[in-house]
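What follows is a set of notes on a single structure, which appears directly below.
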Amino acid sequence: MGGGAIATRLLYVRHHVRVFRFVMRPVANESTAEKVVNEVFLEAWRHAQDFKGRSQVGTWLLSIARFKTISECRRRSDA
């Protein structure tokens, strides 16, 4: 495993429970929440270079989760 893979895994291990609980409140469906959480960490991985350290990593992840959750809720209400 390379350094990036280890860092990504560590980020997930440290923060996935908090992000899952955050997403689960409005979504109220475990499989949908897991899908959103996966999207959050994928987005974080894709845009890691954009993280400037002006906030804590957990706050940044919850910000991504907020927007992903809102999008998911809108998508579900349109269906």
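The values are calculated or read from the model by the stated rules, or taken from the named source; none is laboratory data. The structure displayed is predicted, hence computed values, not measured ones. Note: ideal-geometry Cβ built from the backbone for every residue, glycine included; neighbour counts use all protein chains shown.
Among the residues of the stretch 24-59, which ones are part of a helix (DSSP H, G or I), basic (Lys, Arg) and exposed (fewer than 13 other Cβ atoms within 10 Å of the Cβ)? Correct list: Arg25, Arg46.
For Ser71, are the conditions met, namely being out of contact with any Gly (no Cβ under 7 Å at 6 or more places or on another chain) and surrounded by 12 or more Cβ atoms within 10 Å (Cβ to Cβ)? It is true that Ser71 is out of contact with any Gly (no Cβ under 7 Å at 6 or more places or on another chain) and surrounded by 12 or more Cβ atoms within 10 Å (Cβ to Cβ). Listed by first and then second residue, the pairs with beta-carbon distance under 9 Å, at least 6 apart or on different chains, first residue in the stretch 33-62 and within 13 Å of Thr8 (Cα to Cα), second charged (D, E, K, R), are Val40/Lys68; Glu43/Lys68; Val57/Arg14; Leu61/Arg18.
Give the residue, chosen from Arg76, Arg21, that is farther than 24 Å from Gly4 by Cα, at pLDDT 90 or above and either assigned to a helix (DSSP H, G or I) or not polar (S, T, N, Q) (or both). Walk me through how you get there before you give the answer.
On the way: Arg76 fails: at pLDDT 90 or above.
The unique qualifying residue is Arg21.
Cβ-Cβ distances below 8 Å connect the following pairs, each with a first residue in the stretch 3-30 that is farther than 16 Å from Glu43 by Cα, a second residue that is in a helix (DSSP H, G or I) and of a type in the set (S, T, N, Q), and a separation of six or more residues or different chains: Phe22/Thr69; Pro26/Thr69; Val27/Thr69.
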